[in-house]
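The structure appears below as structure tokens.
The values are calculated or read from the model by the stated rules, or taken from the named source; none is laboratory data. Because the structure is a prediction, the values reported are computed rather than measured. Here the Cβ positions follow ideal geometry from the backbone for every residue, glycine too, while neighbour counts run over all protein chains shown. Side chains included, ligands, DNA and RNA excluded: accessible areas come from the protein's heavy atoms. Shrake-Rupley method; radii C 1.70, N 1.55, O 1.52, S 1.80 Å.
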Amino acid sequence: MEPEFKFGPLSKGIYMALISVTALIPLISPEYFLHYVLFLAFLGFGLRPFLIKTGLYSLWNSAGVAIQKNWRRKQIDKRALDLDREVELEKYRKSRYRDPRLPKNW
């Protein structure tokens, strides 16, 4: 069965780095070692079900889609404005009558 979502390479890399530091935690602060191991266990086994059951994953996903849609719309509007400006400038370049507002050698 395919999971609803997969963690990306950045989150996997951070998790692997946290696992590799596990051997150093008892040397640095032994009183937090149990908490650290429980935290890693939660990240490894409990985070995905927690995100799905609470609906945080779908909330994050829908917010991301809305942001991407808005960003894409802004890009399309800017491109349309640039094309309109190019058409207007081309009209001035190809006209026989030279607008006095234009610079010389236009």
Spans of helices (runs of 4 or more DSSP H) in the range 22-85 with at least 2 residues closer than 28 Å to F7 by Cα and open to solvent by 80 Å² or more (accessible area, probe 1.4 Å): 33-41, 47-54
Filter result (open to solvent by 80 Å² or more (accessible area, probe 1.4 Å), at pLDDT below 90 and of a type in the set (A, V, I, L, M, F, W, C)) within the range 1-15: M1
All positions within the range 1-30 that are of a type in the set (S, T, N, Q) and farther than 22 Å from L56 by Cα: S20, T22, S29
Check on L18, open to solvent by less than 50 Å² (accessible area, probe 1.4 Å), in contact (Cβ under 8 Å) with a residue 24 or more places away in the chain and assigned to a helix (DSSP H, G or I): yes
